[in-house]
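**Q** Handing you a structure now.
The values are calculated or read from the model by the stated rules, or taken from the named source; none is laboratory data. Everything numeric here is computed off the predicted structure, so don't read it as measured data. Cβ atoms come from the backbone with ideal geometry, glycine included; neighbour counts cover every protein chain shown.
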Amino acid sequence: MSKMEARSFSRAFKLDVVRRMEAGENVSALSREVGVKRTILYRWRDAWRLGGEAALRLNGRPSKADAVVMRLARGVAGKADDLAEARWQIDQLQRKVGQQQLDLDFFKAALRRIEASRRPKSGPGATASSRTSRR
């Protein structure tokens, strides 16, 4: 078989391989056994996870129905990724707000201590006010 010759695998074959991968079988050994590169096996698995059996199509241009199914599956997966990203950002922002509140409390307490340790402005020990000199 030459490098340029394309091989075609049935949907049942791909599904069998993906199920074996999902069962925890060693992917390198499975790749050698079936004679397909590991990267292709992972591509099949990812397609199956994304769109189920319908995503394990034959080579060539997908039918319109297959294309619609895959587009919908990608949309659902994309929305799940967007939701996870939004939740992560919310968590990060909540942490930041909490840290800022701690900083604010610290600086308020420090300012109170500094003001309490200052000498009073009037009474004993206060600096005397003096008139400005006019030259």
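**Q** Of the numbered conditions (1) more than 23 Å from the chain's Cα centre (by Cα); (2) surrounded by 15 or more Cβ atoms within 10 Å (Cβ to Cβ); (3) modelled with pLDDT of 70 or more, Arg7 fails exactly one; give the number of that condition.
**A** Single failed check for Arg7: (2).
**Q** For segment 39-71, which residues satisfy the criterion of being more than 17 Å from Lys14 (Cβ to Cβ) and modelled with pLDDT under 70? Talk me through it step by step, then tell me what you get.
**A** To start, the set of residues in segment 39-71 that are more than 17 Å from Lys14 (Cβ to Cβ) comprises 61, 64-65, 67-68, 71.
Within segment 39-71, Arg61, Ala67 qualify.
**Q** Next question. Determine if segment 116-126 includes at least one residue that is outside any helix (DSSP H, G or I), modelled with pLDDT under 65 and touching a Pro at 6+ places or on another chain (Cβ under 9 Å).
**A** Yes, some residue in segment 116-126 is outside any helix (DSSP H, G or I), modelled with pLDDT under 65 and touching a Pro at 6+ places or on another chain (Cβ under 9 Å).
**Q** Pairs, please: C-beta under 7 Å, at least 6 apart or cross-chain, first residue free of Cβ contacts under 8 Å to residues at least 60 places away in the same chain and in segment 100-119, second surrounded by fewer than 10 Cβ atoms within 10 Å (Cβ to Cβ) and not aliphatic (A, V, I, L, M)?
**A** Here the result reads Arg119/Gly125, each pair linking segment 100-119 to a residue that is surrounded by fewer than 10 Cβ atoms within 10 Å (Cβ to Cβ) and not aliphatic (A, V, I, L, M).
**Q** Given (1) within 21 Å of the chain's Cα centre (by Cα); (2) at pLDDT 90 or above; (3) not small (Gly, Ala, Ser), identify the lone condition not met by Asp82.
**A** Going through (1) within 21 Å of the chain's Cα centre (by Cα); (2) at pLDDT 90 or above; (3) not small (Gly, Ala, Ser) one by one, Asp82 breaks only (2).
**Q** Taking segment 13-28 as the search range and keeping residues that are more than 9 Å from Trp44 (Cβ to Cβ) and assigned to a helix (DSSP H, G or I), which one is farthest from the chain's Cα centre (by Cα)?
**A** Of all residues in segment 13-28, those more than 9 Å from Trp44 (Cβ to Cβ) come to 13, 16, 19-20, 22-28.
Narrowing further to those that are assigned to a helix (DSSP H, G or I): 13, 16, 19-20, 22, 27-28.
Details: Phe13: 33, Asp16: 31, Arg19: 27, Arg20: 28, Glu22: 23, Val27: 26, Ser28: 28 Å.
Within segment 13-28, the match that is farthest from the chain's Cα centre (by Cα) is Phe13.
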